[in-house]
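Participant: This structure is in C-alpha coordinates; I'll ask about it shortly.
The values are calculated or read from the model by the stated rules, or taken from the named source; none is laboratory data. Quantities reported herein were computed from a predicted structural model and do not represent experimental measurements. For neighbour counting, all protein chains shown are included, and Cβ atoms are generated from backbone atoms with ideal geometry for every residue, glycine included.
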Amino acid sequence: MQPEPLFPVSLKLKGRTCLILGGGPIALAKLTPLLDTGAQIRVIDPAPLPGVTDLAKAGRIALEAGPLAPHHCDGITLAIDSGEYADGTALLRREADKRNILLNSVDQPDACDYFTPAVVRRGPIQVAISTGGAAPALARTLRQMLDRLMPASLGDLAQKAADMRAHVQATMSPARQKSFWNTLFSMSAIRSLATSRADTLIEQAMTAAPPAGHVTLVGAGAGAADMITLRGLRALEEADVILHDALLDPALLRHARRDARIMAVGKRCGKHSTTQDFINKTLENFARQGKQVVRLKCGDPFIFGRGGEELFHLQEADIPVTVIPGVTAASVAAAEYGFPLTHRGVARRTTFMTAATNKSLPADKANWDALLQGGTIVLYMAKAGLEATLAAMRDAGINSTMPIAVVSDAGRTTSDRKAGSLGSFLASPPELGDAPALVAIGEAVGLAANAVAEYKDDLQRYYR
(Lines give C-alpha, C1' and ligand atoms only; values in the text may rest on other atoms or scores of the structure.)
Protein backbone atom coordinates (compact mmCIF):
# COMPACT_ATOMS: atom_id res chain seq x y z
CA MET A 1 0.00 0.00 0.00
CA GLN A 2 1.40 3.37 -1.05
CA PRO A 3 1.74 5.93 1.79
CA GLU A 4 -0.45 9.01 1.54
CA PRO A 5 1.58 11.95 0.19
CA LEU A 6 2.37 14.60 2.79
CA PHE A 7 3.23 18.30 2.49
CA PRO A 8 5.98 19.43 4.90
CA VAL A 9 5.57 22.91 6.38
CA SER A 10 7.09 25.06 9.13
CA LEU A 11 4.09 26.55 10.90
CA LYS A 12 3.97 29.88 12.76
CA LEU A 13 1.91 29.35 15.93
CA LYS A 14 2.63 32.52 17.88
CA GLY A 15 -0.63 33.75 19.38
CA ARG A 16 -2.60 30.74 18.13
CA THR A 17 -4.30 28.29 20.49
CA CYS A 18 -3.29 24.63 20.55
CA LEU A 19 -5.13 21.98 22.54
CA ILE A 20 -3.53 18.95 24.16
CA LEU A 21 -5.77 16.19 25.45
CA GLY A 22 -4.04 14.46 28.34
CA GLY A 23 -1.69 15.60 31.05
CA GLY A 24 0.68 12.68 31.45
CA PRO A 25 4.34 12.25 30.40
CA ILE A 26 3.48 11.94 26.68
CA ALA A 27 1.46 15.15 26.76
CA LEU A 28 4.27 16.90 28.64
CA ALA A 29 6.78 15.81 25.99
CA LYS A 30 4.47 17.05 23.22
CA LEU A 31 3.75 20.46 24.76
CA THR A 32 7.37 21.28 25.62
CA PRO A 33 8.42 22.17 22.02
CA LEU A 34 5.17 24.10 21.60
CA LEU A 35 6.19 26.43 24.43
CA ASP A 36 9.03 27.81 22.30
CA THR A 37 6.66 28.79 19.47
CA GLY A 38 4.69 31.37 21.44
CA ALA A 39 1.49 29.38 21.04
CA GLN A 40 -1.28 29.56 23.63
CA ILE A 41 -1.51 26.02 24.96
CA ARG A 42 -4.69 24.56 26.44
CA VAL A 43 -4.33 21.22 28.30
CA ILE A 44 -7.34 19.10 29.24
CA ASP A 45 -6.95 16.34 31.86
CA PRO A 46 -8.74 15.61 35.14
CA ALA A 47 -5.50 14.36 36.79
CA PRO A 48 -2.43 16.03 35.23
CA LEU A 49 1.17 15.40 36.22
CA PRO A 50 2.83 17.84 38.63
CA GLY A 51 5.05 19.03 35.78
CA VAL A 52 1.94 20.08 33.86
CA THR A 53 0.38 21.83 36.84
CA ASP A 54 3.67 23.65 37.46
CA LEU A 55 3.54 25.08 33.94
CA ALA A 56 -0.04 26.20 34.57
CA LYS A 57 0.93 27.89 37.84
CA ALA A 58 3.73 29.69 36.01
CA GLY A 59 1.20 30.98 33.49
CA ARG A 60 2.79 29.19 30.56
CA ILE A 61 -0.26 27.04 29.76
CA ALA A 62 -3.99 27.05 30.45
CA LEU A 63 -5.01 23.89 32.33
CA GLU A 64 -8.54 22.51 32.51
CA ALA A 65 -8.51 19.83 35.20
CA GLY A 66 -11.73 18.20 34.11
CA PRO A 67 -13.36 16.31 31.24
CA LEU A 68 -13.18 17.53 27.66
CA ALA A 69 -16.16 19.56 26.51
CA PRO A 70 -16.98 20.87 23.02
CA HIS A 71 -16.34 24.51 24.03
CA HIS A 72 -12.71 23.60 24.79
CA CYS A 73 -12.23 23.32 21.01
CA ASP A 74 -13.28 26.91 20.33
CA GLY A 75 -10.58 28.81 18.43
CA ILE A 76 -8.20 25.87 18.23
CA THR A 77 -5.63 25.69 15.40
CA LEU A 78 -3.92 22.40 16.25
CA ALA A 79 -4.83 19.58 18.61
CA ILE A 80 -2.84 16.69 20.03
CA ASP A 81 -4.38 13.60 21.60
CA SER A 82 -1.71 12.07 23.81
CA GLY A 83 -3.79 8.91 24.32
CA GLU A 84 -3.52 9.34 28.09
CA TYR A 85 -7.12 10.48 28.56
CA ALA A 86 -9.08 8.00 26.47
CA ASP A 87 -12.52 9.26 27.57
CA GLY A 88 -12.08 12.38 25.47
CA THR A 89 -10.64 10.83 22.31
CA ALA A 90 -13.91 10.25 20.41
CA LEU A 91 -15.24 13.71 21.26
CA LEU A 92 -12.01 15.42 20.19
CA ARG A 93 -12.05 13.58 16.86
CA ARG A 94 -15.64 14.64 16.19
CA GLU A 95 -14.98 18.26 17.09
CA ALA A 96 -11.77 18.33 15.03
CA ASP A 97 -13.65 17.06 11.96
CA LYS A 98 -16.52 19.50 12.50
CA ARG A 99 -14.27 22.54 13.02
CA ASN A 100 -11.47 21.63 10.55
CA ILE A 101 -8.93 21.38 13.37
CA LEU A 102 -5.75 19.49 12.47
CA LEU A 103 -5.39 16.62 14.95
CA ASN A 104 -2.40 14.48 15.83
CA SER A 105 -3.18 11.25 17.69
CA VAL A 106 -0.08 9.77 19.31
CA ASP A 107 0.73 6.24 18.09
CA GLN A 108 -2.43 6.24 15.94
CA PRO A 109 -1.13 7.19 12.47
CA ASP A 110 -4.42 6.42 10.70
CA ALA A 111 -6.19 8.92 12.97
CA CYS A 112 -3.65 11.72 12.35
CA ASP A 113 -4.17 14.77 10.17
CA TYR A 114 -0.50 15.66 10.60
CA PHE A 115 2.64 14.22 12.17
CA THR A 116 5.11 15.90 14.49
CA PRO A 117 8.61 15.27 13.16
CA ALA A 118 11.84 14.55 14.97
CA VAL A 119 13.76 17.83 14.93
CA VAL A 120 17.41 18.85 15.01
CA ARG A 121 17.77 22.47 16.14
CA ARG A 122 20.65 24.87 15.64
CA GLY A 123 19.41 28.36 16.48
CA PRO A 124 17.00 29.41 13.72
CA ILE A 125 17.77 26.21 11.80
CA GLN A 126 15.36 23.35 12.22
CA VAL A 127 15.79 20.09 10.36
CA ALA A 128 12.64 18.00 10.63
CA ILE A 129 12.55 14.26 9.93
CA SER A 130 9.23 12.52 9.42
CA THR A 131 8.35 8.99 8.41
CA GLY A 132 4.67 9.84 8.09
CA GLY A 133 3.93 7.85 11.21
CA ALA A 134 5.39 4.69 9.69
CA ALA A 135 8.46 4.42 11.93
CA PRO A 136 8.84 7.13 14.62
CA ALA A 137 11.81 5.31 16.18
CA LEU A 138 13.65 5.50 12.84
CA ALA A 139 13.01 9.25 12.71
CA ARG A 140 14.58 9.59 16.17
CA THR A 141 17.64 7.62 15.06
CA LEU A 142 18.05 9.79 11.97
CA ARG A 143 17.76 12.86 14.19
CA GLN A 144 20.61 11.58 16.33
CA MET A 145 22.73 10.96 13.24
CA LEU A 146 22.11 14.48 11.90
CA ASP A 147 22.71 15.95 15.33
CA ARG A 148 26.23 14.52 15.27
CA LEU A 149 26.87 15.75 11.73
CA MET A 150 25.70 19.36 12.13
CA PRO A 151 28.29 21.65 13.80
CA ALA A 152 27.16 23.11 17.13
CA SER A 153 27.90 26.67 15.94
CA LEU A 154 25.80 26.34 12.77
CA GLY A 155 22.91 28.13 14.44
CA ASP A 156 25.19 31.01 15.41
CA LEU A 157 26.29 31.35 11.77
CA ALA A 158 22.69 31.31 10.55
CA GLN A 159 21.60 33.96 13.06
CA LYS A 160 24.52 36.25 12.24
CA ALA A 161 23.71 35.84 8.54
CA ALA A 162 20.11 36.86 9.22
CA ASP A 163 21.26 39.90 11.19
CA MET A 164 23.47 41.12 8.36
CA ARG A 165 21.17 40.34 5.43
CA ALA A 166 19.89 43.92 5.11
CA HIS A 167 23.48 45.24 5.14
CA VAL A 168 24.52 42.78 2.41
CA GLN A 169 21.55 43.76 0.24
CA ALA A 170 22.30 47.47 0.69
CA THR A 171 26.03 47.31 -0.02
CA MET A 172 26.52 44.55 -2.59
CA SER A 173 25.43 44.08 -6.16
CA PRO A 174 23.11 41.10 -6.83
CA ALA A 175 26.00 39.14 -8.36
CA ARG A 176 28.27 39.92 -5.41
CA GLN A 177 25.51 38.96 -2.97
CA LYS A 178 25.12 35.56 -4.59
CA SER A 179 28.88 35.02 -4.51
CA PHE A 180 29.04 36.05 -0.83
CA TRP A 181 26.24 33.75 0.31
CA ASN A 182 27.53 30.83 -1.77
CA THR A 183 30.98 31.27 -0.22
CA LEU A 184 29.67 31.63 3.32
CA PHE A 185 27.40 28.61 3.09
CA SER A 186 29.59 26.38 0.91
CA MET A 187 30.16 22.79 1.97
CA SER A 188 33.79 23.53 2.78
CA ALA A 189 32.81 26.51 4.96
CA ILE A 190 30.24 24.47 6.91
CA ARG A 191 32.81 21.73 7.49
CA SER A 192 35.29 24.28 8.83
CA LEU A 193 32.83 25.31 11.57
CA ALA A 194 34.23 22.42 13.58
CA THR A 195 37.41 24.48 14.08
CA SER A 196 36.47 28.05 13.06
CA ARG A 197 34.15 30.66 14.57
CA ALA A 198 31.18 32.01 12.63
CA ASP A 199 32.66 35.53 12.69
CA THR A 200 35.82 34.25 11.02
CA LEU A 201 33.87 32.63 8.20
CA ILE A 202 31.83 35.79 7.64
CA GLU A 203 34.97 37.95 7.49
CA GLN A 204 36.59 35.55 5.02
CA ALA A 205 33.49 35.57 2.81
CA MET A 206 33.31 39.39 2.97
CA THR A 207 36.88 39.86 1.84
CA ALA A 208 37.06 36.99 -0.63
CA ALA A 209 37.45 37.91 -4.25
CA PRO A 210 34.65 36.71 -6.50
CA PRO A 211 35.52 33.15 -7.48
CA ALA A 212 37.14 32.71 -10.86
CA GLY A 213 35.39 30.45 -13.29
CA HIS A 214 36.50 26.85 -13.10
CA VAL A 215 35.62 23.58 -14.81
CA THR A 216 35.82 20.20 -13.13
CA LEU A 217 35.65 17.06 -15.24
CA VAL A 218 34.05 14.55 -12.89
CA GLY A 219 33.91 10.81 -13.43
CA ALA A 220 30.56 9.65 -12.05
CA GLY A 221 31.56 6.00 -12.22
CA ALA A 222 29.70 3.37 -14.19
CA GLY A 223 26.13 2.46 -13.34
CA ALA A 224 24.46 3.47 -10.08
CA ALA A 225 24.60 6.94 -8.55
CA ASP A 226 26.56 5.82 -5.48
CA MET A 227 29.54 4.81 -7.63
CA ILE A 228 30.79 8.43 -7.66
CA THR A 229 33.77 9.31 -5.45
CA LEU A 230 33.45 11.61 -2.44
CA ARG A 231 35.57 14.21 -4.19
CA GLY A 232 33.36 14.06 -7.26
CA LEU A 233 30.23 14.37 -5.12
CA ARG A 234 31.58 17.50 -3.40
CA ALA A 235 32.26 19.11 -6.78
CA LEU A 236 28.73 18.22 -7.92
CA GLU A 237 27.16 19.67 -4.77
CA GLU A 238 28.91 23.02 -5.23
CA ALA A 239 28.50 23.46 -8.99
CA ASP A 240 26.68 26.41 -10.56
CA VAL A 241 26.35 24.58 -13.87
CA ILE A 242 26.32 20.84 -14.63
CA LEU A 243 26.66 19.30 -18.09
CA HIS A 244 25.96 15.58 -17.88
CA ASP A 245 26.04 12.46 -20.05
CA ALA A 246 22.95 10.66 -21.32
CA LEU A 247 23.61 7.39 -19.48
CA LEU A 248 24.00 9.04 -16.08
CA ASP A 249 21.86 7.70 -13.23
CA PRO A 250 19.28 10.53 -12.74
CA ALA A 251 19.43 9.99 -8.96
CA LEU A 252 22.90 11.54 -8.95
CA LEU A 253 21.51 14.91 -10.03
CA ARG A 254 19.51 15.12 -6.80
CA HIS A 255 22.77 16.14 -5.15
CA ALA A 256 22.98 19.29 -7.26
CA ARG A 257 22.06 22.65 -5.78
CA ARG A 258 18.44 23.57 -6.44
CA ASP A 259 19.57 26.72 -8.26
CA ALA A 260 22.17 24.93 -10.38
CA ARG A 261 21.70 24.95 -14.13
CA ILE A 262 21.61 21.37 -15.43
CA MET A 263 22.14 20.52 -19.10
CA ALA A 264 21.96 17.09 -20.73
CA VAL A 265 24.67 16.83 -23.39
CA GLY A 266 24.77 13.08 -23.87
CA LYS A 267 25.79 11.07 -26.90
CA ARG A 268 24.53 7.54 -27.56
CA CYS A 269 26.07 5.21 -30.11
CA GLY A 270 27.32 8.10 -32.21
CA LYS A 271 23.88 9.75 -32.25
CA HIS A 272 24.83 13.13 -30.88
CA SER A 273 22.32 15.22 -28.99
CA THR A 274 25.04 17.86 -28.90
CA THR A 275 28.35 18.05 -30.71
CA GLN A 276 31.65 17.82 -28.87
CA ASP A 277 32.59 21.26 -30.16
CA PHE A 278 29.42 22.70 -28.62
CA ILE A 279 30.21 21.02 -25.29
CA ASN A 280 33.76 22.38 -25.28
CA LYS A 281 32.62 25.94 -26.01
CA THR A 282 29.77 25.76 -23.49
CA LEU A 283 32.17 24.74 -20.74
CA GLU A 284 34.45 27.62 -21.70
CA ASN A 285 31.66 30.19 -21.87
CA PHE A 286 30.19 29.34 -18.47
CA ALA A 287 33.65 29.43 -16.88
CA ARG A 288 34.29 32.87 -18.37
CA GLN A 289 31.12 34.04 -16.60
CA GLY A 290 32.74 33.07 -13.29
CA LYS A 291 30.71 29.88 -12.89
CA GLN A 292 31.81 26.72 -11.14
CA VAL A 293 31.14 24.19 -13.89
CA VAL A 294 31.01 20.41 -13.59
CA ARG A 295 31.21 18.18 -16.65
CA LEU A 296 29.68 15.02 -15.22
CA LYS A 297 30.76 11.99 -17.25
CA CYS A 298 29.88 8.33 -16.90
CA GLY A 299 32.75 6.08 -15.90
CA ASP A 300 36.12 7.82 -16.02
CA PRO A 301 36.60 11.03 -18.06
CA PHE A 302 39.81 9.77 -19.67
CA ILE A 303 38.68 6.27 -20.63
CA PHE A 304 36.67 6.58 -23.86
CA GLY A 305 34.94 9.61 -22.37
CA ARG A 306 36.48 12.32 -24.59
CA GLY A 307 37.66 14.04 -21.44
CA GLY A 308 41.01 14.70 -23.04
CA GLU A 309 39.39 16.81 -25.76
CA GLU A 310 37.59 18.91 -23.16
CA LEU A 311 40.70 19.23 -21.01
CA PHE A 312 42.92 20.38 -23.90
CA HIS A 313 40.31 22.83 -25.19
CA LEU A 314 39.99 24.44 -21.75
CA GLN A 315 43.75 24.56 -21.24
CA GLU A 316 44.20 26.27 -24.62
CA ALA A 317 41.51 28.78 -23.57
CA ASP A 318 43.33 29.43 -20.24
CA ILE A 319 40.36 28.13 -18.24
CA PRO A 320 41.27 26.55 -14.88
CA VAL A 321 40.31 22.90 -15.04
CA THR A 322 40.49 19.95 -12.66
CA VAL A 323 39.91 16.28 -13.38
CA ILE A 324 38.36 13.90 -10.84
CA PRO A 325 38.67 10.26 -11.92
CA GLY A 326 35.80 7.81 -11.82
CA VAL A 327 35.35 4.05 -11.61
CA THR A 328 35.42 2.79 -15.19
CA ALA A 329 32.92 0.24 -16.50
CA ALA A 330 35.53 -2.53 -16.81
CA SER A 331 36.28 -2.35 -13.08
CA VAL A 332 32.59 -2.28 -12.20
CA ALA A 333 31.77 -5.26 -14.42
CA ALA A 334 34.72 -7.28 -13.09
CA ALA A 335 33.76 -6.58 -9.48
CA GLU A 336 30.09 -7.27 -10.12
CA TYR A 337 30.59 -10.68 -11.67
CA GLY A 338 33.72 -11.81 -9.88
CA PHE A 339 36.34 -12.06 -12.63
CA PRO A 340 39.71 -10.37 -12.06
CA LEU A 341 41.20 -8.25 -14.81
CA THR A 342 44.69 -9.23 -13.66
CA HIS A 343 45.63 -12.32 -11.69
CA ARG A 344 48.97 -13.61 -10.52
CA GLY A 345 50.28 -16.28 -12.86
CA VAL A 346 47.43 -15.74 -15.32
CA ALA A 347 47.14 -12.11 -16.44
CA ARG A 348 49.67 -9.37 -15.73
CA ARG A 349 48.13 -6.61 -17.84
CA THR A 350 44.77 -5.33 -19.05
CA THR A 351 44.13 -3.69 -22.41
CA PHE A 352 41.17 -1.34 -22.82
CA MET A 353 39.98 -1.04 -26.41
CA THR A 354 36.92 0.29 -28.16
CA ALA A 355 35.08 -1.48 -30.93
CA ALA A 356 33.74 1.85 -32.20
CA THR A 357 36.44 4.07 -33.69
CA ASN A 358 36.45 7.36 -35.52
CA LYS A 359 36.59 6.80 -39.29
CA SER A 360 39.44 9.31 -39.50
CA LEU A 361 41.69 6.88 -37.64
CA PRO A 362 43.64 4.18 -39.43
CA ALA A 363 42.21 0.67 -39.27
CA ASP A 364 43.01 -0.96 -35.94
CA LYS A 365 44.68 -4.30 -36.66
CA ALA A 366 45.14 -5.60 -33.16
CA ASN A 367 47.70 -8.30 -32.46
CA TRP A 368 45.22 -10.49 -30.60
CA ASP A 369 47.73 -13.25 -29.96
CA ALA A 370 50.18 -10.87 -28.26
CA LEU A 371 47.51 -9.05 -26.28
CA LEU A 372 46.03 -12.24 -24.86
CA GLN A 373 49.32 -13.84 -23.88
CA GLY A 374 49.24 -13.21 -20.13
CA GLY A 375 46.68 -10.44 -20.54
CA THR A 376 43.02 -9.48 -20.49
CA ILE A 377 41.26 -7.43 -23.15
CA VAL A 378 38.19 -5.30 -22.41
CA LEU A 379 36.26 -4.00 -25.41
CA TYR A 380 34.15 -0.92 -24.71
CA MET A 381 31.20 0.04 -26.94
CA ALA A 382 31.43 -3.55 -28.05
CA LYS A 383 28.12 -4.10 -29.81
CA ALA A 384 29.27 -2.56 -33.09
CA GLY A 385 31.16 -5.19 -35.06
CA LEU A 386 31.42 -7.72 -32.22
CA GLU A 387 31.04 -10.73 -34.55
CA ALA A 388 33.77 -9.38 -36.84
CA THR A 389 36.06 -8.81 -33.85
CA LEU A 390 35.56 -12.35 -32.57
CA ALA A 391 36.14 -13.73 -36.07
CA ALA A 392 39.41 -11.77 -36.26
CA MET A 393 40.51 -13.39 -33.00
CA ARG A 394 39.70 -16.83 -34.36
CA ASP A 395 41.61 -16.06 -37.56
CA ALA A 396 44.56 -14.94 -35.45
CA GLY A 397 44.73 -18.44 -33.94
CA ILE A 398 43.08 -17.72 -30.57
CA ASN A 399 41.86 -20.95 -29.02
CA SER A 400 38.10 -21.43 -29.34
CA THR A 401 37.87 -22.10 -25.59
CA MET A 402 39.19 -18.61 -24.68
CA PRO A 403 36.81 -17.34 -21.92
CA ILE A 404 34.64 -14.35 -22.71
CA ALA A 405 32.14 -12.38 -20.62
CA VAL A 406 29.70 -9.92 -22.17
CA VAL A 407 28.36 -7.47 -19.57
CA SER A 408 25.59 -4.98 -20.27
CA ASP A 409 24.42 -2.14 -18.01
CA ALA A 410 27.32 -2.69 -15.61
CA GLY A 411 26.68 -1.30 -12.14
CA ARG A 412 22.91 -1.04 -12.46
CA THR A 413 20.09 -3.21 -11.17
CA THR A 414 19.45 -4.17 -14.80
CA SER A 415 23.02 -5.44 -15.25
CA ASP A 416 23.37 -8.72 -17.12
CA ARG A 417 26.26 -11.04 -17.99
CA LYS A 418 26.58 -13.67 -20.66
CA ALA A 419 29.52 -16.01 -20.09
CA GLY A 420 30.97 -18.22 -22.76
CA SER A 421 33.96 -18.82 -24.97
CA LEU A 422 35.22 -17.57 -28.31
CA GLY A 423 33.86 -20.67 -30.00
CA SER A 424 30.45 -20.57 -28.33
CA PHE A 425 29.88 -16.92 -29.15
CA LEU A 426 30.96 -17.39 -32.75
CA ALA A 427 28.53 -20.29 -33.06
CA SER A 428 25.72 -18.38 -31.34
CA PRO A 429 26.31 -14.61 -31.07
CA PRO A 430 24.86 -13.12 -27.86
CA GLU A 431 21.80 -10.89 -28.05
CA LEU A 432 22.86 -7.58 -26.52
CA GLY A 433 19.73 -5.42 -26.73
CA ASP A 434 19.90 -1.63 -26.38
CA ALA A 435 21.90 -1.35 -23.15
CA PRO A 436 25.58 -0.33 -23.31
CA ALA A 437 27.83 -3.39 -23.24
CA LEU A 438 31.46 -4.33 -22.86
CA VAL A 439 33.26 -7.58 -23.60
CA ALA A 440 36.01 -9.00 -21.40
CA ILE A 441 38.30 -11.63 -22.97
CA GLY A 442 41.10 -13.62 -21.38
CA GLU A 443 41.99 -16.49 -19.13
CA ALA A 444 41.44 -14.41 -16.00
CA VAL A 445 37.82 -13.91 -17.05
CA GLY A 446 37.29 -17.65 -16.78
CA LEU A 447 38.30 -17.61 -13.12
CA ALA A 448 34.97 -16.09 -12.08
CA ALA A 449 33.41 -18.10 -9.26
CA ASN A 450 30.05 -17.96 -11.02
CA ALA A 451 31.29 -18.80 -14.53
CA VAL A 452 28.80 -20.78 -16.57
CA ALA A 453 29.41 -24.44 -15.76
CA GLU A 454 29.36 -25.79 -19.30
CA TYR A 455 32.46 -23.77 -20.19
CA LYS A 456 34.46 -24.40 -17.01
CA ASP A 457 35.94 -27.64 -18.24
CA ASP A 458 37.30 -25.95 -21.34
CA LEU A 459 39.29 -23.32 -19.47
CA GLN A 460 43.02 -23.94 -19.58
CA ARG A 461 46.35 -22.21 -20.01
CA TYR A 462 46.76 -21.59 -23.76
CA TYR A 463 50.13 -19.85 -23.83
CA ARG A 464 52.97 -21.26 -21.80
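Participant: Could you please tell me which pairs satisfy a Cβ distance under 8 Å, a separation of 6+ or placement on different chains, a first residue in the stretch 389-411 that is among the basic types (Lys, Arg), and a second residue that is surrounded by fewer than 19 Cβ atoms within 10 Å (Cβ to Cβ) and in a loop (DSSP other than H, G, I, E, B)?
Facilitator: Qualifying pairs under 8 Å: Arg394/Ser400.
Participant: Still on this structure, I have one more. Taking only the stretch 205-239 into account, find how many residues are more than 18 Å from Ile262 (Cβ to Cβ), assigned to a helix (DSSP H, G or I) and touching a residue at least 12 places away in the same chain (Cβ under 8 Å).
Facilitator: Total meeting the criteria: 4.
Participant: Return the residues of the stretch 53-85 that are in contact with a helix residue (DSSP H, G or I) (Cβ under 6 Å, 6 or more places away or on another chain) and of a type in the set (Val, Ile, Thr); say none if nothing qualifies.
Facilitator: Those that are in contact with a helix residue (DSSP H, G or I) (Cβ under 6 Å, 6 or more places away or on another chain) and of a type in the set (Val, Ile, Thr): Ile61, Ile80.
Participant: Of these, Ala239, Ala198, Ala220, Ala235, which one is outside the structural domain of Ala437 (by TED's automatic domain parsing) and farther than 30 Å from Met164 by Cα?
Facilitator: Being outside the structural domain of Ala437 (by TED's automatic domain parsing) and farther than 30 Å from Met164 by Cα holds for just one of Ala239, Ala198, Ala220, Ala235, which is Ala220.
Participant: Could you check the stretch 89-110 and list, in sequence order, the residues that are among the hydrophobic types (A, V, I, L, M, F, W, C) and closer than 22 Å to Asp74 by Cβ?
Facilitator: Listed by number, the residues that qualify are Ala90, Leu91, Leu92, Ala96, Ile101, Leu102, Leu103.
Participant: If Gly299 meets every condition in (1) without any contact (Cβ under 8 Å) to a residue 24 or more places away in the chain; (2) of a type in the set (Gly, Ala, Ser); (3) not assigned by TED's automatic domain parsing to the domain that holds Ile377 apart from one, which number is that one?
Facilitator: If we test Gly299 against (1) without any contact (Cβ under 8 Å) to a residue 24 or more places away in the chain; (2) of a type in the set (Gly, Ala, Ser); (3) not assigned by TED's automatic domain parsing to the domain that holds Ile377, just (1) comes out false.
Participant: Still on this model: For Ala451, work out the one condition from (1) at pLDDT 85 or above; (2) crowded, with 18+ Cβ neighbours inside 10 Å it doesn't fulfil.
Facilitator: (1)
Participant: Among the residues in the stretch 365-373, are any at pLDDT 85 or above, touching a Gly at 6+ places or on another chain (Cβ under 9 Å) and of a type in the set (S, T, N, Q)?
Facilitator: No, there is no match, as no residue in the stretch 365-373 is at pLDDT 85 or above, touching a Gly at 6+ places or on another chain (Cβ under 9 Å) and of a type in the set (S, T, N, Q).
Participant: Sort out which residues of the stretch 143-160 are polar (S, T, N, Q) and in contact with a Pro (Cβ under 8 Å, 6 or more places away or on another chain), and write them in order of number.
Facilitator: Gln159, the sole residue that qualifies.
Participant: Checking the conditions here, which among Leu19, Leu6 is outside any loop (DSSP other than H, G, I, E, B) and in contact (Cβ under 8 Å) with a residue 60 or more places away in the chain?
Facilitator: Answer to the selection: Leu19.
Participant: Additional query: Quick one: Thr350 ticks every box in (1) closer than 18 Å to Leu236 by Cα; (2) modelled with pLDDT of 90 or more; (3) surrounded by fewer than 21 Cβ atoms within 10 Å (Cβ to Cβ) except a single one, so which number is it?
Facilitator: Of everything listed in (1) closer than 18 Å to Leu236 by Cα; (2) modelled with pLDDT of 90 or more; (3) surrounded by fewer than 21 Cβ atoms within 10 Å (Cβ to Cβ), Thr350 misses just condition (1).
Participant: If you don't mind, there's one more thing I want to ask. Being modelled with pLDDT of 90 or more, surrounded by fewer than 12 Cβ atoms within 10 Å (Cβ to Cβ) and over 25 Å from Pro109 (Cα atoms) is the requirement here; does Ala62 meet it?
Facilitator: Taking the combined requirement at face value, the residue does not satisfy it.
Participant: What number of residues in the stretch 237-250 are farther than 26 Å from Ala382 by Cα and at pLDDT 95 or above?
Facilitator: 2
Participant: Which of the following residues is in contact with a helix residue (DSSP H, G or I) (Cβ under 8 Å, 6 or more places away or on another chain), over 30 Å from Arg93 (Cα atoms) and not basic (Lys, Arg): Asp147, Asp199?
Facilitator: Asp199
Participant: Go through the residues of the stretch 40-59 one by one and say whether even a single one is exposed (fewer than 11 other Cβ atoms within 10 Å of the Cβ) and closer than 24 Å to Arg121 by Cβ.
Facilitator: Yes; the residues of the stretch 40-59 include at least one that is exposed (fewer than 11 other Cβ atoms within 10 Å of the Cβ) and closer than 24 Å to Arg121 by Cβ.
Participant: Lys12 is checked against (1) assigned by TED's automatic domain parsing to the domain that holds Leu68; (2) at pLDDT 90 or above and fails just one. What number does that condition carry?
Facilitator: Result: Lys12 fails condition (1) only.
Participant: Right, something else. One residue is enough: does the stretch 40-52 have a residue meeting the conditions touching a Ser or Thr at 6+ places or on another chain (Cβ under 8 Å) and not in a strand (DSSP E or B)?
Facilitator: no
Participant: Can you confirm whether the stretch 159-180 contains a residue that is outside the structural domain of Gln108 (by TED's automatic domain parsing), at pLDDT below 90, exposed (fewer than 12 other Cβ atoms within 10 Å of the Cβ) and of a type in the set (A, V, I, L, M, F, W, C)?
Facilitator: Among the residues of the stretch 159-180, at least one is outside the structural domain of Gln108 (by TED's automatic domain parsing), at pLDDT below 90, exposed (fewer than 12 other Cβ atoms within 10 Å of the Cβ) and of a type in the set (A, V, I, L, M, F, W, C), which makes the answer yes.
Participant: In the stretch 278-293, is there at least one residue being assigned to a helix (DSSP H, G or I), small (Gly, Ala, Ser) and under 26 Å from the mean Cα position of the chain (by Cα)?
Facilitator: Taking every residue of the stretch 278-293 in turn, at least one turns out to be assigned to a helix (DSSP H, G or I), small (Gly, Ala, Ser) and under 26 Å from the mean Cα position of the chain (by Cα).
Participant: Also, I was wondering about something else. I'm told Thr32 meets every condition in (1) exposed (fewer than 14 other Cβ atoms within 10 Å of the Cβ); (2) touching a residue at least 12 places away in the same chain (Cβ under 8 Å) except one. Can you identify the failing condition by its number?
Facilitator: (2)
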